[in-house]
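Undergrad: Dumping the structure here so I can ask a few things about it.
Read-outs throughout are calculated quantities, based only on the coordinates presented, and are distinct from any laboratory measurement. Quantities reported herein were computed from a predicted structural model and do not represent experimental measurements. Because the Cβ atoms are built from the backbone with ideal geometry, glycine has one as well, and the counts that use them run over all protein chains shown.
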Amino acid sequence: MGSVCGDERVGVDDIEGVFMTQPKIAIVGGGLAGLMAAIKVCEEGCPVEIFSIVPVRRSHSVCAQGGINASVNTKGEGDSPQVHFYETVKGGDFLANQELPKQMCEAAPHIVHLFDRMGVRFNRTPEGNLDFRRFGGTLFHRTAFAGSTTGQQLLYALDEQVRKFEAQGLVKKYEGWLFLSAVIDDEGVCRGMIAQNLKTMEVRSFREDAVILATGGLGMIYGKSTNSVICTGDAAASVYQQGAVYANGEFVQIHPTSIPGEDKYRLISEAARGEGGRVWVPRDGKPWYFLEEWYPKYGNLVPRDIASRALWKVVHELKLGVDGEEKVYLDLSHIDARELDRKLEGILEIYEKFAGDDPRKVPMKVYPSIHYTMGGLWIDNAHMTNIPGLLAAGECDYQYHGANRLGANSLLSSVYGGMVAGPSALKYAKGLKKNADSSPGVVFDRELQRQTELHEKIKAMDGSENPMKLYDELGDVMTKNVAIVRHNKDLEATDKKILEIMDRWKNIGVRDRSDWANEELIFVRQFWHMLELARVITLGALARNESRGSHYKPEFPNRDDANWLKTTKAAWTKSGPKLGYEPVDLKYLKPELRNYA
Amino acid sequence: MQQLIRIKIRRQDSPRSPSYWDEFEIPYKPQMNVISSLMAICREPVNVRGEKVTPVVWECNCLEEVCGACTMVINGHVRQACSALIDQLDQPITLEPMTKFPVVRDLMVDRSKMFDTLKKVHAWVEIDGSHNMGPGPRQDPNQSLKAYQYSRCMTCGCCCEACPQFNSHSTFMGAFAFGQVNLFNSHPTGKFNAHERLDAVMGMGGLTDCGNAQNCFRACPKSIPLTDAIAELGMDSTKRAIKKIFIG
């Protein structure tokens, strides 16, 4: 236990006592979903253990910029949670199961008020109320925002509340630990987990009554994306290989506006367009505002899948990219600079620092980038995976967004998912006839041994393949073939290439064999997991012969509800993912044509 | 001939082992930053003497200067590696771990002390619970905008590294803590517990240990007005001290 501070000093013995009499809940991941789940469990007086690769305050949630959706209707536009729900489902091209999104949209105003109460410095109206701005896929002002660092502010608010519980002795943090696998007993029930200390490299087993994975997305599979470097999807991939079902893997969001870089694609939030930013390319010597021309009703604020495809078309089919490159203009220069500073300072600063130009004066040059994982671990409406005792929340689960996520719904779904998963884990754990402490030791020992052996095996790898260069090959082929536009022959070739890389993975030579803070060994392990999920994405896309949301095949340009209004479920087998399907829960809204023109 | 970037890195295999310099040359590409250079080194970790070495270890995450992870000393100045563009740096570029925190390995340091400090100063707003309690208090938009500056602190440690008072032998908590106390004490409900936070920064390692060098403000990548926070808290804590003497 780390140092326990605060007024109510609690001795280590007391804390151990609390842990012994209560259910044992572990949360993996310290972003919005994980921390929200932790708060909900702690409020019930139950302690939690939080595992995170990075100090939780540095989780990827900090990267979210634009805001969080909630139909508070402060502008008197007639917005309501029902409209929010409808637009979320329509934005997702009707692939989302409808129960959880409906509950989420109804809870959204409460969630934004909660963050306000926690001290998030949201932008406010002259009267002192919360201000809201427009985002994609809606005509209402529905997005609450704190400058353009909203994710950072929300994460800090939860981090601070969790720190309070930590000071009270209810939270025990394992920062700098990597989740390796779940411990699953002979009845198929999750009884704990294996984690590795990233400094000492110690591999240890933990007995838990319930484990919540809140481990985020998988942008790193594409090499470069808007994601943080920890977003490898490895935790989800690991439990997928242990029998957890992975759903809708083929749905990966491409954000229309980012700054391409050598190390990553840096996001320029949709908020830029929400505040009046216009997208254009030069044509016949004049600016051509193609989104406004093609989609007069929604203009620059069409949903992301539609905007990204439009940018792709302008650059690749019409050959109108700025300077002949993969770039278009995103223009804020017509807006008052003080207004921009007040509402978008964070992104202006990013563009200035990384691209070297002042977006208050010149248009930004942007291009689409891999951004968000709609697919994820299959969960039921209580956020439980198909493995009892193993839950998932946040970007690593597949619910809420269907085939495409609306902007500013990700912070909301992460927080709401945590709000459901925390109490759900507690309820499950309290209902257990047999708790983790009474499970036979052999269950833990055998998984610990499996993971320790894998670590030793990787450490001994002395083949000729360079792991970083091999990883570049994965990113390149995924970005080329499994992104905005997908062709079946390319998807087939991609799967072949992934299989080839999997084969060559076995011939990797590691250069660092030390037992202290060895990042290379960790990377090689995560790389395998990325390959497993890359196959799920690619084969899911290959099978789905239609176009829906982010998944677009020119060979099958239309949505095909008769054959494909169903959730993809990938189950791991030795010979690769086995794809199954289940119907979408359409209990509230009937699918209709999705049109934003 | 291809243009090369020369980078000199102060390395250290473990917390107790001695540090040493390793020098690398990597091919130049436009728009590179220190992170993409480190990535290039790790693709082919061979130093200028032609020796195969272990890949360099460093901490990073978001790569857009918002998580605070990749803070290190670059050409003698503490800053984030992701926003340190190669075109703007003199060569050879020197990379060193922060000196005010224990080194874990190479450029990676342990800043957990900062998070412990946030506990000590009660850096949170007390809420009755996360259940539905309706809207929060109305707030003056101008006051809120001012407070927002402090809420961008990413606990990166630049202010600590630049401060002459902050080191492993002193208990001085570092300027970021005062920024956070100011943030919470200015919140309409956060200020209900202002006295607890004030007491924390009036104790050992608090405000009185500040030497007024003002390096913290200059080193902050987000230009957070830390010196303003120190001045305001100085006045608040004086008032509190007087009140404690006369009222108890």
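Undergrad: Can you list the residues, at least 5 places off or on another chain, whose amide H is less than 5 Å from the amide H of A:Arg283, using H built in the peptide plane?
TA: Long-range HN contacts for A:Arg283: A:Trp288.
Undergrad: Considering all projection directions equally, how large on average is the shadow of the alpha-carbon convex hull of the range A:88-202, in square nanometres?
TA: One quarter of the hull surface, i.e. the mean projection, equals 12.1 nm².
Undergrad: Shifting gears a bit: Cross-link candidates for B:Lys8: which aspartates and glutamates have Cα within less than 18 Å, leaving aside residues fewer than 8 places away along the same chain?
TA: Answer for B:Lys8, where 18 Å is the Cα cut-off: B:Asp22, B:Glu23, B:Glu25, B:Glu44, B:Glu51, B:Glu59, B:Asp87, B:Asp90, B:Glu96, B:Asp106, listed by chain and number.
Undergrad: If you take every residue apart from A:Gly276 with its C-beta less than 15 Å away from the C-beta of A:Gly276, what net charge results, scoring Lys and Arg +1 and Asp and Glu -1?
TA: Every neighbour counted, the sum reads 0.
Undergrad: Here is a follow-up. Mind jotting down the distance between the C-alpha centroids of the range A:492-544 and the range A:154-226, whole Å?
TA: When both Cα centres are located, 22 Å separates them.
Undergrad: Also, quick follow-up: Return the calculated 222 nm mean residue ellipticity for chain B, to the nearest 500 deg cm²/dmol, obtained by summing -39500 (n - 2.57) across DSSP H runs with n ≥ 4 and dividing by the residue count.
TA: My calculation for chain B gives -9500 deg cm²/dmol from helical runs alone.
Undergrad: All other residues with a Cβ under 10 Å from the Cβ of A:Tyr581 taken together, and with Lys, Arg as +1 and Asp, Glu as -1, what is their net charge?
TA: Every neighbour counted, the sum reads +2.
Undergrad: Send over the Kirkwood Rh of the range A:398-467, from the inverse of the averaged 1/r over different Cα pairs, rounded to one decimal Å.
TA: Taking the inverse mean of 1/r over all distinct Cα pairs, the range A:398-467 comes out at 16.9 Å.
Undergrad: For chain B, list the cysteines whose Cβ sits under 4.7 Å from no other cysteine Cβ?
TA: B:Cys42, B:Cys82, B:Cys153, B:Cys156, B:Cys158, B:Cys160, B:Cys163, B:Cys210, B:Cys220
Undergrad: Right, something else. With springs only between Cα atoms under 10 Å, which of B:Cys159, B:Cys220, B:Cys210 fluctuates most in a Gaussian network model of chain B?
TA: Answer for the Gaussian network model of chain B: B:Cys210.
Undergrad: Continuing with this model, one more query. Name the residues whose placed amide hydrogens come within less than 5 Å of the amide hydrogen of B:Glu64, ignoring near sequence neighbours (fewer than 5 apart) on the same chain.
TA: Correct list: empty.
Undergrad: What net charge do the residues around A:Ile501 carry, taking every other residue with its C-beta under 12 Å from that of A:Ile501, with Lys and Arg at +1 and Asp and Glu at -1? Write down the numbers at each step before the final one.
TA: Working: positive: A:Lys469, A:Lys496, A:Lys497, A:Arg504, A:Lys506, A:Arg535; negative: A:Glu465, A:Asp472, A:Glu473, A:Asp476, A:Asp495, A:Glu500, A:Asp503, A:Glu532.
Once positives and negatives cancel, what remains is -2.
Undergrad: Can you tell me what percent of all Cα-Cα pairs in the protein assembly as shown are more than 49 Å apart?
TA: Value for the protein assembly as shown (Cα pairs over 49 Å): 13 percent.
Undergrad: Which whole-number percent gives the relative contact order of chain A, counting Cα pairs below 8 Å spaced six or more residues apart?
TA: Computed value for chain A: 21 percent relative contact order.
Undergrad: Could I ask something else about it? Once Rh for the range A:47-145 is found with the Kirkwood sum over Cα pairs, what is the Stokes-Einstein diffusion coefficient at 4 °C and 1.567 mPa s, in µm²/s? Could you put the intermediate results ahead of the total?
TA: Working: Rh = 15.1 Å.
Translational D for this selection: 86 µm²/s.
Undergrad: Could you go through the range A:569-574 in sequence order and give the Karplus-derived ³J(HN,Hα) for each residue, using 6.51 cos²θ - 1.76 cosθ + 1.60 with θ = phi - 60°, rounded to whole Hz, and x for Gly and Pro?
TA: 10, 9, 10, 6, 9, 4
Undergrad: Ignore the peptide's own chain and count Cβ atoms of other chains within 10 Å of each Cβ in A:121-128; give me the average, rounded.
TA: Numbers: counts 14, 5, 4, 8, 2, 3, 2, 8.
Across A:121-128, the average partner-chain Cβ count within 10 Å equals 6.
Undergrad: Counting helices only, and only those DSSP H runs with n ≥ 4, report the 222 nm mean residue ellipticity of chain A as the sum of -39,500 (n - 2.57) divided by its residues, in deg cm²/dmol to the nearest 500.
TA: Per the formula, -11500 deg cm²/dmol.
Undergrad: Separate question: Restricting attention to the alpha-carbon atoms of the range B:4-109, what are Rg (one decimal) and Dmax (integer), both in Å?
TA: 12.7, 38
Undergrad: Run a plain Debye calculation on the range A:404-548 (Cα atoms as equal point scatterers, no solvent) and give log10 I(q)/I(0) at q = 0.12, 0.21 Å⁻¹, rounded to two decimals, same order as the q list.
TA: Log10 I(q)/I(0), no solvent term: -0.82, -1.12.
Undergrad: Are there GluC sites (Glu not before Pro) in the range A:294-354 that DSSP marks as loop and that have at most 11 other Cβ atoms within 10 Å, and which are they?
TA: Details: sites: A:Glu317, A:Glu325, A:Glu326, A:Glu339, A:Glu345, A:Glu349, A:Glu352; in loops: A:Glu325, A:Glu326.
When the GluC sites (Glu not before Pro) of the range A:294-354 are filtered for loop state and at most 11 Cβ neighbours within 10 Å, A:Glu325 remain.
Undergrad: Below 19 Å, Cα to Cα, which lysines can A:Lys173 reach? Residues fewer than 8 away in the same chain don't count.
TA: A:Lys24, A:Lys40, A:Lys164, A:Lys199, B:Lys113, B:Lys119, B:Lys120
Undergrad: Pick from B:Asn142, B:Asn75, B:Asn182 the residue whose mean-square fluctuation is largest in a GNM of chain B, springs joining Cα atoms under 10 Å.
TA: B:Asn142
Undergrad: On a straight-distance basis, which lysines could pair with A:Lys365 in a cross-link, Cα separation under 26 angstrom, same-chain partners fewer than 8 positions away excluded?
TA: A:Lys224, A:Lys264, A:Lys286, A:Lys297, A:Lys313, A:Lys319, A:Lys327, A:Lys343, A:Lys353, A:Lys480, B:Lys29, B:Lys222
Undergrad: Enumerate the amide H contacts of A:Ser181 below 5 Å, restricted to partners 5 or more residues apart or on another chain; note that Pro and chain-start residues carry no placed amide H.
TA: Sorted by chain and number, the residues that satisfy this are A:Ile194.
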